[in-house]
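Heads up, the thing below is written out as structure tokens.
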Amino acid sequence: IPESGHKYYLQFSTEDYRTGEDAGNCLATVLYPKKKSPPVVSIKCSHTKDQKKIQEEDNALYQRIRHQSKPITGNNIPDSHGNIEPALEPVWALAVAGSSSIMWEKSTETLAYFLAQVKSVRQWMRKDDFTEFDYTVLLHEIPTQEIISCHLRLTWLPGHPLKVKHFCAPQSHAMDEGSGAEAGSAAGPPAGKGATF
Amino acid sequence: MRLPVLLAALVAVATCTETFVGHQVLRVVPQSHEELQKVQELQDLEHLQLDFWLAPRGLGLPVDIRVPFPSVQAVKAHLEASGVSYSIMIEDVQALLDEEQVEMLRSSRQLPLDTDTFNYEAYHTIDEIYNFMDMLVAENPNLVSKLEIGRSTENRPLYVLKFSTGGTNRPAIWIDTGIHSREWVTQASGVWFAKKIVQDHANNEGVASILKTMDIFLEIVTNPDGFAFTHTTNRLWRKTRSKHSGSICVGVDPNRNWDAGFGEAGASGNPCTETYQGPYPNSEPEVKSIVDFVKSHGNIKAFVSIHSYSQLLLYPYGYTTTPAPDQQELHEVSAKAVAALSSLYGTQYKYGSIITTIYRASGTTVDWTYNQGIKYSFTFELRDTGRYGFLLPAKQILPTAEETWLALKVIMEHARDNAY
């Protein structure tokens, strides 16, 4: 849109991350303004999943986490062979949700992300009913192909929005004498800030 | 001592004749003659069905007894009543046997006897894959040979399998997997392709007809240094492991190092990035060896370089928006190949030129091979679309390889039927 920016019209279907079941369709417009700032998004989705069922599944997930006698910890989820220990599935699911918040913030018109791996997770026990986790997640950045390491702090209670704080390690592209053309140095303020959605 | 019994138990378990659920192994170390006698008495109580793994021999020497579940309470009561102390060596014999089974399967995977016992549904190390290649050649000396086309930076051999039924320098198809080392499903698929070619030939079906007039070259571990690194140190390593002077960073992106649009937009000049093009084209031995091979062979008609993930079938160009002269034909072949792929499990692929379908990329493999005159130059991005990404579960190896093979066959058959 001349003078304004680029506007994208999207139509897409969604599926349950765990089961692959169809979870509804969405229509969205995304406007990237000419001046670099977060895009303006409008979105409408149809939900094929019944709210009650979602609540039940959330509660089941929550119970699985609460029933552990010790704080949950883990590394390399999935492992090199793509395996996720059943006991760590709930924790992985939360990481997926939390990481999507990071990706939402970091994505631009030209940069996209996928969750490559949960490098580590540690649960913080709380006195209240909330569950709290500390993660190191690895994000795969497209098209640069870089693996970005992010620290993710997440609190959750069914029926409440996920609370997410994150900090992604600045890309340390050590400069060498020969490469003047490519920037990518670590200069600049740290990229982390709190985010809730 | 207990090995024959354990083996017998294992056989029994395998043949479903007996179960050892709840069986316990108790250890008694008789300290006095009275204790020794109490233990020896147990040997006569046949109804208890006790199995002495270590029979009573003398004072201070351990006695190990496997006690069937129904007798556990009785035996413990007998020992306790007599003041004989015991320890529980094995809480549940069945659990141990189950574990052993798993271990045996695992160890049989580490030492396959032939390419029929090789586990295609698991990820393997470089040694296991190199061993597989030797076995395949040994089993099929009239069809398969192994060529060393060069050495990697860390001096690992770069092996290519040649499948040929004869002739001299027949028109050929090239397939490579694992050029980016973290894309594990590709090397795993390459191994499966190798076996599949041999099987098809033996059964005179599938690619057997292609092998009548064409050769197939398959490089499974195209980036062995990177691959070894993903096993030992960093599962998400992509590049080679070369060090070029002037930088502390390691590795060049082998899919930006080819002499097609080298150094232009779509690669990075920074050695510390994942898309570093390298100091000059073909600086990487992994790339140069293929370049040399292709040039000296001179008769390659189709070239397929396999990556993951994204589920895409791509053709040139990546370094320019100028459409490839054969764009229309390549697009049609891609449509057919993708349809064949989807027909098996419904896996959805997109297709098109690199620059319009994925992103601008310069110095890529197939842009170079296409410019060399190899018309049917394609790049695959295999499963999945990001849920597991590089860490694709091993159980998806087989379906991925099977569906991809159908697409490869479309390309190979088209190359055979459209000689140029």
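Each reported figure results from applying straightforward, stated rules to the coordinates on display, with no laboratory input. In this text the structure is predicted, and so the values were computed from the model without any measurement. Here Cβ is always computed from backbone atoms with ideal geometry, including for glycine, and neighbour counts include all displayed protein chains.
Return a whole-number percent for the relative contact order of chain A, with Cα pairs under 8 Å and 6 or more residues apart as the contact set.
Relative CO of chain A lands at 12 percent.
Of B:Phe378, A:Phe12, how do they rank once you tally other Cβ atoms within 10 Å and put the fewest first?
A:Phe12, B:Phe378
Please report the base-10 log of the normalised intensity I(q)/I(0) for the range B:17-65, using a Debye sum with one equal scatterer per alpha carbon and no solvent, at each q in 0.21 (1/Å).
-0.72
Compute the longest continuous run of chain A that contains no exposed GluC sites (Glu not before Pro); treat a site as exposed when its DSSP state is not H, G, I, E or B and it has at most 13 other Cβ atoms within 10 Å.
Excluding the exposed sites themselves, the longest stretch runs over A:22-108.
Could you give the angle, 0 to 90 degrees to the nearest 10, between helix B:126-139's Cα long axis and the longest principal axis of the Cα atoms of chain B?
80
Distances over 13 Å make up what percent of all Cα-Cα pairs in the range B:351-407?
Percent of Cα pairs beyond 13 Å in the range B:351-407: 70.
Only Lys, Arg, Asp and Glu count, each charged at its Cβ (+1, +1, -1, -1), so figure out the dipole size of the range B:114-418 about its Cα centre, rounded to 20 debye.
400
What GluC sites (Glu not before Pro) does the range B:138-241 have in DSSP loop regions with at most 12 other beta carbons within 10 Å?
Taking the range B:138-241 and a limit of 12 other Cβ atoms within 10 Å, the loop GluC sites (Glu not before Pro) found are B:Glu205.
Is the C-alpha gyration tensor of the range A:36-172 telling us rounded, prolate or oblate? Criteria: a/c under 1.5 is rounded; beyond that, a/b larger than b/c is prolate, otherwise oblate.
Note, shape of the range A:36-172 comes out oblate.
Can you work out the base-10 log of I(q)/I(0) for the range A:1-49 at q = 0.26, 0.27 1/Å, using the Debye formula on its C-alpha atoms alone?
Results for the range A:1-49 at q = 0.26, 0.27 Å⁻¹ read -0.89, -0.92.
Per residue of A:73-85, how many C-beta atoms from partner chains lie within 10 Å of its own C-beta, taken as a mean?
Rounded to a whole number, the mean comes out at 4.
So what is the relative contact order for the range B:141-233, in percent, with contacts set as C-alpha pairs under 8 Å and at least six apart?
Relative contact order of the range B:141-233: 38 percent.
Which entries in the list A:Lys119/B:Lys239; A:Lys52/B:Lys350; B:Lys212/B:Lys239; A:Lys106/B:Lys336; B:Lys350/B:Lys395 go over 26 Å, if you measure between the two C-alpha atoms of each?
A:Lys52/B:Lys350; B:Lys212/B:Lys239; A:Lys106/B:Lys336
To check my understanding: the extent here is largest minus smallest coordinate of the Cα atoms along each principal axis. What are those three numbers for the range B:129-213, in Å, largest first?
38, 27, 24 Å, listed from the longest principal axis down.
Computed over the Cα atoms of the range B:303-375, what is the ratio Rg over Rh, Rh following Kirkwood?
Reported Rg/Rh (Cα atoms, Kirkwood Rh): 0.96.
Per DSSP H run of n ≥ 4, the term is -39500 (n - 2.57); total these for chain A, divide by its residue number, and report the mean residue ellipticity at 222 nm rounded to 500 deg cm²/dmol.
Here the helix-only value at 222 nm equals -6000 deg cm²/dmol.
Compute the longest continuous run of chain B that contains no exposed trypsin sites (Lys or Arg not before Pro); treat a site as exposed when its DSSP state is not H, G, I, E or B and it has at most 16 other Cβ atoms within 10 Å.
B:58-242
Please report the projected area of the protein assembly as shown's Cα convex hull averaged over all directions, in nm².
36.7
How much mean residue ellipticity at 222 nm does chain B get from its helices, if each DSSP H run of length 4 or more adds -39500 (n - 2.57) and you divide by all residues, to the nearest 500 deg cm²/dmol?
So the helix-based figure for chain B works out to -12500 deg cm²/dmol.
Only counting other Cβ atoms within 10 Å, I'd like A:Thr131, B:Thr364, B:Thr320 sorted with the fewest neighbours first.
B:Thr320, A:Thr131, B:Thr364
Relative contact order of chain B: what whole-number percent is it, with Cα pairs under 8 angstrom and at least 6 residues apart?
So the answer I get is 14 percent.
Looking at the range A:24-106, which trypsin sites (Lys or Arg not before Pro) are in a loop (DSSP not H, G, I, E or B) and have at most 13 other Cβ atoms within 10 Å?
Passing both the DSSP loop test and the Cβ count: A:Lys34, A:Lys35, A:Lys36.
Among B:Leu211, B:Trp192, B:Ala340, which residue has its Cα furthest toward the positive end of the charge dipole of the range B:114-418, with +1 on Lys/Arg Cβ and -1 on Asp/Glu Cβ?
Of the listed residues, the answer is B:Ala340.
Eigenvalues of the Cα gyration tensor times 5, then square-rooted: what semi-axes does that give for chain B, in whole angstrom, largest first?
Values for chain B, descending: 59, 24, 19 Å.
Neighbour counts of other C-beta atoms within 10 Å: give me B:His47, B:His23 arranged from fewest to most.
B:His47, B:His23
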